[in-house]
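The structure appears right after this line, and notes come after that.
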Amino acid sequence: MFIERDQHRWWRFAISGGAFIILMLLIKFNSSVATMIDAVLQSLFTGQRIESVGWFHALMTLLSFLASPKMDLLWVIIIAVVLWFKHYQIPALWAFGTIIGGDILGEIFKHIVKRARPAQHLAADNGYSFPSGHTLGIFLVAAILLLIVVPLIKKHSTRTICQLLIVFVVFFLAVSRVYLYAHWPFDTISAMLLAYAWLQVAEWLYVAWAPRLREVSFLSTSEI
């Protein structure tokens, strides 16, 4: 299977989920320490803005657009469709369920915390700030690619290059959201923690249910 049993999965869930809950509570109850750290971290990316370097600002804007929640869903739909027709129907369903589940969790926590965005944010970036939906979504898209798609690449060097590119995209997307004043740094950090915690649950569900789903007639020929 693409995803194997792992006895350490629940430890990773507990650590990442616990860290997310701690940050969420600090932000929810307006911790002065968290606010100060957020402000300091934000100044590292926005204090010396380089909008005059047109290509960098354009890159940050482009990354932010390509990793919007709607675009993340589109990428996963494309991945799922390709996987489906390559006889990976069960991984395709898992990929779609993973991004949907992550988006739902993100929206739930946004409405629990109700954090305002930085004052300088663009009008297009509406809604609550914590956690970053862009970062959460692109993290899950990257995880789907790394777990399901990249392993299908036969050439080792190509796999390695793809893995590095995917990691860089996630990192620079998180930076872009802070750079564009769309989020505070803790919004993006917490989004990755939440995405990672949800990924552990999604992986566990895959291990538990993928073999059983092969008993369904139209999924019986699916690779897992």
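The values are calculated or read from the model by the stated rules, or taken from the named source; none is laboratory data. Worth saying up front: this structure is predicted, and the values here are computed from it rather than measured. We place every Cβ from the backbone using ideal geometry, glycine too, and count neighbours over all the protein chains shown. Surface accessibility is based on the protein's heavy atoms, side chains included, excluding ligands, DNA and RNA. Shrake-Rupley method; radii C 1.70, N 1.55, O 1.52, S 1.80 Å.
Please check: in the Gaussian network model of the chain (C-alpha springs, under 10 Å), which one of ARG212, ARG12, ARG115 has the largest mean-square fluctuation.
Maximum fluctuation in the GNM of the chain, among the listed residues, is at ARG212.
Between THR35 and ILE78, what length in nm is gained on full extension when 0.36 nm per residue of separation is reduced by their alpha carbon distance? Display every interim value, and only then the final one.
Values: separation 43, 0.36 × 43 = 15.48 nm, distance 3.89 nm.
Working it through step by step, the gained length comes to 11.6 nm.
If you roll a 1.4 Å probe over the range 62-116 with all protein chains in place, what percent of the accessible area is carbon or sulfur?
About 80 percent, which is the carbon plus sulfur part of the accessible surface.
Take a quick pass over the chain and tell me how many lysine pairs come in under 23 angstrom between Cα atoms, counting only ones 8 or more apart or on separate chains.
Working: LYS28/LYS110; LYS28/LYS114; LYS70/LYS110; LYS70/LYS114; LYS86/LYS154; LYS86/LYS155.
Close lysine pairs found across the chain: 6.
Using a probe of 1.4 angstrom, how much of the accessible area of the range 124-222 is carbon and sulfur, in percent?
Using a 1.4 Å probe with all protein chains present, the range 124-222 comes out at 73 percent carbon and sulfur.
How many Å² of accessible area per residue for the chain, probe 1.4 Å? Intermediate results must be reported in sequence, preceding the final value.
Working: 12040 Å² over 224 residues.
About 54 Å² of surface per residue is accessible.
How far is it, in nm, from the label point at TRP11 to the one at LYS114 when both lie 7 Å from their Cα along the line to the Cβ?
4.0
Using the Karplus curve 6.51 cos²θ - 1.76 cosθ + 1.60 with θ = phi - 60°, what ³J(HN,Hα) values do you get for each residue of the range 135-150, in whole Hz, with x for Gly and Pro?
Values per residue, Gly and Pro as x: 5, 4, x, 5, 4, 6, 4, 4, 4, 4, 4, 5, 8, 10, 8, 4 Hz.
Only Cα pairs under 8 Å and at least 6 apart count here; give the relative contact order of the range 20-176 as a rounded whole percent.
On the way: 116 pairs, mean separation 40.6, N = 157.
Relative contact order for the range 20-176 comes out at 26 percent.
Helix 69-85: angle to the longest alpha-carbon principal axis of the chain, degrees 0 to 90, nearest 10?
For 69-85 against the chain, the angle is about 10 degrees.
Can you give the angle from 0 to 90° between the axis of helix 185-213 and the longest principal axis of the chain, with both taken from C-alpha atoms, to the nearest 10?
Compared with the principal axis, the helix lies near 10 degrees.
Label-point separation (nm) for HIS87 and ILE21, each offset 7 Å from Cα along Cα-to-Cβ?
Each label point is offset 7 Å from its Cα along the Cβ direction, giving 4.4 nm.
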